[in-house]
1. For helix 136-145, report the angle its Cα long axis makes with the longest principal axis of the Cα atoms of the chain; keep it between 0 and 90° and round to the nearest 10°.
2. Which value, in Å³ per residue, describes the convex hull spanned by the Cα atoms of the stretch 20-91?
3. Given an 8 Å cut-off on Cα distances and at least 6 residues of separation, report the relative contact order of the stretch 19-161 as a percent.
4. According to the square roots a ≥ b ≥ c of the eigenvalues of the Cα gyration tensor, what is the shape class of the stretch 88-132, taking rounded for a/c under 1.5, prolate for a/b larger than b/c otherwise, and oblate for the remainder?
5. For the chain, report the convex hull volume of the alpha-carbon atoms normalised per residue, in Å³, without decimals.
6. Counting each DSSP H run of 4 or more residues in the chain as -39500 (n - 2.57), what helix-only mean residue ellipticity at 222 nm follows after dividing by all residues, to the nearest 500 deg cm²/dmol?
7. By how many nm would the segment from residue 104 to residue 178 grow when fully extended, if each residue of separation counts as 0.36 nm and the alpha-carbon distance is taken off?
8. Tell me, 184, 70 in order of fewest to most beta-carbon neighbours within 10 Å?
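All of the numbers you see were taken from the coordinates with simple rules; none came from a lab. Please read all numbers here as calculations on a predicted model, not as lab measurements. Every residue, glycine as well, gets a Cβ built from its backbone with ideal geometry; the counts of neighbours run over all protein chains shown.
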């Protein structure tokens, strides 16, 4: 959908961004704090390079209980990092959480506004299938775990359309930052 690109645009606009995916990668990367527990849970899935995502994926995508165990380990660790981020940016007028599966995991209840980044289905498919190691089967499985895009859009406070040029997307982001900043100023007055 272009979520990371849009998050980068918010950051360039002066909004601190918490990237949940980046935090997960750090927790599971070389020397990551979750590696010992993941290795205990799924022997042979970690090494000096960190988590073998393909090996773990083969296990958890076919076993909901295994996925639940992994999430029970990862989600609290990410939540701790999110709290640290909020503490570090407590004086910022606004922050952005770049969080996949926000609606699916109930995270939308913990934020003030929800911005959905969305592109037409054909563009999304093209972008995802261009990623290294991605297959149509994996993509289909991922979509099956997600709230449909139309529902996300209907539940959003704001929508950033990324099915347009980068310049047009950036314009949407700048306008939204200005709008949210104006709302904050009105609340303070």
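1. The helix 136-145 is inclined about 70 degrees to the chain.
2. That works out to 84 Å³ per residue.
3. On the way: 103 pairs, mean separation 31.7, N = 143.
Once normalised by length, the contact order is 22 percent.
4. Prolate, since a/c reaches 1.5 and a/b exceeds b/c.
5. Working: hull volume 24.9 nm³, N = 189.
Normalising the Cα hull of the chain by residue number yields 132 Å³.
6. Numbers: 9 runs with 108 residues, N = 189.
Calculated at 222 nm, the ellipticity per residue is -17500 deg cm²/dmol.
7. 23.8 nm
8. Numbers: 184 12, 70 22.
Least crowded to most crowded, the residues run 184, 70.
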